1. Does any residue in segment 29-58 that is farther than 21 Å from residue 19 by Cα come within less than 7 Å, Cβ to Cβ, of a residue that is in a loop (DSSP other than H, G, I, E, B) and open to solvent by 70 Å² or more (accessible area, probe 1.4 Å) six or more places away or on a different chain, and which pairs are these?
2. Which of the numbered conditions does residue 9 fail, given that it passes all the others? Conditions: (1) part of a helix (DSSP H, G or I); (2) loosely packed, with under 12 Cβ neighbours inside 10 Å.
3. Among the residues of segment 48-57, is there at least one that is part of a helix (DSSP H, G or I) and open to solvent by less than 100 Å² (accessible area, probe 1.4 Å)?
4. Do we find that residue 22 is in contact with a helix residue (DSSP H, G or I) (Cβ under 8 Å, 6 or more places away or on another chain), surrounded by 10 or more Cβ atoms within 10 Å (Cβ to Cβ) and without any contact (Cβ under 8 Å) to a residue 40 or more places away in the chain in this structure?
5. Report whether or not residue 32 is of a type in the set (A, V, I, L, M), more than 10 Å from the chain's Cα centre (by Cα) and either closer than 23 Å to residue 3 by Cβ or surrounded by 15 or more Cβ atoms within 10 Å (Cβ to Cβ) (or both).
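The values are calculated or read from the model by the stated rules, or taken from the named source; none is laboratory data. Every value quoted in this text rests on a predicted model; they were computed, and no experiment measured them. Heads up, the Cβs are rebuilt from the backbone with ideal geometry, glycines too, and the neighbour counts pull from every protein chain shown. The accessibility values were calculated without ligands, DNA or RNA, using every heavy atom of the protein model including side chains. Shrake-Rupley method; radii C 1.70, N 1.55, O 1.52, S 1.80 Å.
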Amino acid sequence: MIGRLATTLTRLAHRTGHHHYLSTGCLHGDHAYCQNRHGQAGPKTPAVCKFCSTPCVCRCHRTT
């Protein structure tokens, strides 16, 4: 199911020109990992796509 969701979102992004990024950490409920500056492969930018810097759409990143 998750694979199909990712494929659908990728196709939609290509059609519309808009990338809606949801981090794998947030998808699996590990919001602290998404917001951390260090990942399993080393340093990372928190809550953004590593390819195009689109911010993660998860509501855990929204400020009040």
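1. Cβ pairs passing all conditions: 43/37.
2. The one condition residue 9 does not meet is (2).
3. Kept after step one, since they are part of a helix (DSSP H, G or I), are these residues of segment 48-57: none.
There is no residue in segment 48-57 that is part of a helix (DSSP H, G or I) and open to solvent by less than 100 Å² (accessible area, probe 1.4 Å).
4. It is true that residue 22 is in contact with a helix residue (DSSP H, G or I) (Cβ under 8 Å, 6 or more places away or on another chain), surrounded by 10 or more Cβ atoms within 10 Å (Cβ to Cβ) and without any contact (Cβ under 8 Å) to a residue 40 or more places away in the chain.
5. So residue 32 does not fit the description; no.
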